[in-house]
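The values are calculated or read from the model by the stated rules, or taken from the named source; none is laboratory data. What you see is a predicted model, and the numbers here were worked out from it, not measured in a lab. Positions of Cβ are generated from backbone atoms using ideal geometry, with glycine treated the same way; all protein chains shown enter the neighbour counts. Ligands, DNA and RNA are stripped out before the accessible areas are found, and what is left, the full protein with its side chains, is counted by its heavy atoms. Shrake-Rupley method; radii C 1.70, N 1.55, O 1.52, S 1.80 Å.
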Amino acid sequence: TEQFEQGIAPWLDTFRLDHPQTPFMQAKGVQAKEPTGMDKLLAGLTGATNCVFVNEPGLADALCGGCAAIALFNQANNAPSFGGGFKSGLRGGSPVTTLLQGECLRTTVWLNALTEATLDQVLPDWRRLKEQKPTWQTPIKAGEEVSAANIGLLRGLFWQPDHIELCSPIGTGVCQGCGSHSAVRYTGFLKAKFSFNVQGLWPHPHSPRLLITKKGSVEQKFLAFTTEAPAWTQLGRIVVEQEQNEGKEGHRPAQVLRQAQQMFAAQPQLLSRLRLIIGGYRNNQASVLERHHEVLEFRQGWYSNPKVVMELVNLGLEYKTALRKALFMFAQGIKNSEVKGAGVGVQEVAEPRFFSHSEPMMLNALANLDFSDPLPTKLALGAALNRLCRQLFSEVTAPYGHHPKLIKVLAIARRTLDKHLSVLKQGAQDGD
């Protein structure tokens, strides 16, 4: 206990939420016309078109210090900005975060701690910037041009791009966030627009990065959820490293995962299974449309052959594409011929159903995948997805099957589906 107390003593003021001069992740003296409710610190709690159907009123009326601190950090680093005039975090508006999950909180923390050797690769100047203070102790200046290369580890991990200050708390009561009794509770905060620019990309260790070619040069950006597709469709980008080549997209896993791949490949007995935490939001500007909070599991061997994960994901996406192509044929018909389509976008109805029904299949396949012999899993998954595609094709075309004018296009579309599924089945059997 004494050693612990001695170790945390120098950091107590740094993370103090009510510090009189430098409160945690806040700016002192923020000028605002009126306070903003704490619900605006909780991403997606209010403001979205569907929030009133899933979130009870008053969930953020009064938050304890712990919940307020978490909300400040999450809003600054993981969530979209407040809107026009307010900055997003160093990774953009709604980055995908990937972390390793241990057996308990303590092991989870250690699994995601970077070694000095890893830091030397990611942030070569981390030792030079070791004494750099976080933004609430050494504030960003208005209009400043900040170089990403001059942002240290502590400052980057706890980056606060906005001017926010919690209002004076009220007294003892129940926290609406966690339900605990607290001596002080926060009911609102002040926020003000604040402008600056960051030059370059800070290599945040908790997010996968994409490498894309723009105007002849390679650019990097952090992965984000941009469609309604589930998280498993992004697993190739999340766990597999692929260099950008000849115009094709490249991707790099989060540094915590890359470090784990190296460490446990050398000592596999230390971690028999990988539990990968995936979190993120899908947004439309300042509005949160979807949340992703998932844990995916992989058997031992994931570190030595991660490309098998990409092959499994691609297999699932190829079956989705086969179904979509056949249904698009049914909807559109054949141009410049007598074969007319239904004129109804049934493929748009089938795609979310495919993702919904295939997600447990994919997660089960990934959790039980033998990385040394992946073929049985691929064949079993392919057979299940084959049946699903045929089932969904029948479901979404059934209302139109009685129409005499659509019998021909329905037959051609079904034949198209059979052709695509046969190609996928043969490819799986050949081990391709």
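For the chain, what does the helix formula give at 222 nm: sum of -39500 (n - 2.57) over DSSP H segments with n ≥ 4, over the residue count, nearest 500 deg cm²/dmol?
-11500 deg cm²/dmol
So if I place +1 on the C-beta of Lys and Arg and -1 on the C-beta of Asp and Glu, and nothing else carries charge, what would the dipole magnitude of the chain be about its Cα centre? I want it in debye, nearest 20.
It comes to approximately 1180 debye.
Angle between the Cα long axis of helix 375-397 and the longest principal axis of the chain, 0 to 90 degrees, nearest 10?
For helix 375-397, the angle is close to 70 degrees.
Give the angle, between 0 and 90 degrees and rounded to the nearest 10, that separates the Cα long axis of helix 346-367 from the longest principal axis of the Cα atoms of the chain.
Helix 346-367 and the main axis of the chain meet at about 70 degrees.
When the scattering of the range 1-134 is computed by the Debye formula from its Cα atoms alone, each counted once and equally, what is log10 I(q)/I(0) at q = 0.14, 0.22 Å⁻¹?
For the requested q values the scattering log ratios are -0.97, -1.59.
So what is the orientation-averaged projected area of the range 267-410, using the convex hull of its C-alpha atoms, in nm²?
The number I arrive at for the range 267-410 is 11.9 nm².
Compute the distance in nm between two label points, each set 7 Å from the Cα along the Cα-to-Cβ direction, one at K425 and one at E116.
About 6.0 nm separates the two model spin labels.
How much length, in nm to one decimal, is gained on full extension between A9 and N364, taken as 0.36 nm per residue of separation minus their Cα-Cα distance?
123.2 nm
Only Cα pairs within less than 10 Å get springs; with that Gaussian network setup on the chain, which residue of Q255, Q199, Q26 has the largest fluctuation?
Result for the chain, Cα springs under 10 Å: Q199 fluctuates most.
What is the spread of the Cα atoms of the range 60-176 along each of their three principal axes, largest first, in whole Å?
Sorted from largest, the Cα extents of the range 60-176 read 46, 45, 26 Å.
Among 380-390, 337-347, how do they line up from the highest to the lowest mean number of other beta-carbon atoms within 10 Å?
Most protected by this proxy first, the peptides run 380-390, 337-347.
Could you tell me what percent of the accessible area of the chain is made up of carbon and sulfur, with a 1.4 Å probe and every protein chain present?
52 percent
With the crude spin-label approximation of a point 7 Å out along Cα→Cβ, what separation in nm comes out for S147 versus I212?
For the pair S147/I212, the computed spacing is 2.8 nm.
Can you pull out the GluC sites (Glu not before Pro) in the range 74-131 that DSSP calls coil and that have at most 11 other Cβ atoms within 10 Å?
E103, E131
What does the extension gain come out to for L270 and Q300, with contour length at 0.36 nm per residue minus their alpha carbon separation?
Separation in residues times 0.36 nm, less the Cα-Cα distance, equals 9.8 nm.
Could you tell me the distance between the Cα centroids of the range 49-93 and the range 157-204, to the nearest Å?
Using only Cα atoms, the two centres lie 9 Å from each other.
Exceeding 26 Å between C-alpha atoms, which entries from my cross-link table qualify? They are K221/K378; K221/K325; K33/K130; K325/K408; K221/K307.
In this structure, K221/K378; K221/K325; K33/K130 lie more than 26 Å apart at Cα.
Which parts of the range 295-339 would a label at A411 reach, counting a residue when its backbone N lies under 13 Å from a point 7 Å out along Cα-to-Cβ?
339
State the extension gain, in nm to one decimal, for the chain segment bounded by Q391 and K335, taking 0.36 nm per residue of separation less the distance between their alpha-carbons.
Contour length minus Cα-Cα distance gives 17.5 nm.
What is the helix-to-structure angle for 407-429, meaning the angle in degrees between its Cα long axis and the longest Cα principal axis of the chain, kept from 0 to 90 and rounded to the nearest 10?
Long axis of 407-429 versus the principal axis of the chain: about 70 degrees.
In the range 82-184, which trypsin sites (Lys or Arg not before Pro) are in a loop and have at most 14 other Cβ atoms within 10 Å, using DSSP for the loop call?
When the trypsin sites (Lys or Arg not before Pro) of the range 82-184 are filtered for loop state and at most 14 Cβ neighbours within 10 Å, R127, R128, K130, K141 remain.
If you bin every alpha carbon distance in the range 129-280 into 10 Å steps from zero, what whole percent lands in each bin?
Calculated over all Cα pairs of the range 129-280, the distribution is 9, 24, 28, 27, 11, 2, 0 percent.
Once the other residues with Cβ under 9 Å from the Cβ of E290 are scored (Lys, Arg +1; Asp, Glu -1), what is the net sum?
That works out to +1.
Share of Cα-Cα pairs in the chain beyond 41 Å, in percent?
The share of Cα pairs beyond 41 Å in the chain comes to 28 percent.
Given a 1.4 Å probe, how much area per residue of the chain is accessible, in Å²?
52 Å²
In Å, what Rg and Dmax follow from the Cα atoms of the range 78-133?
For the range 78-133, the Cα radius of gyration and maximum Cα-Cα distance read 15.3, 42 Å.
What FRET efficiency would be calculated for the residue pair T226, L105, taking the C-beta separation as r and a Förster radius of 25 Å, to the nearest 0.05?
0.20
Quote the Stokes-Einstein diffusion coefficient, in whole µm² s⁻¹, for the range 182-256, based on the Kirkwood radius over alpha carbon pairs, a temperature of 37 °C and a viscosity of 0.692 mPa s.
213 µm²/s
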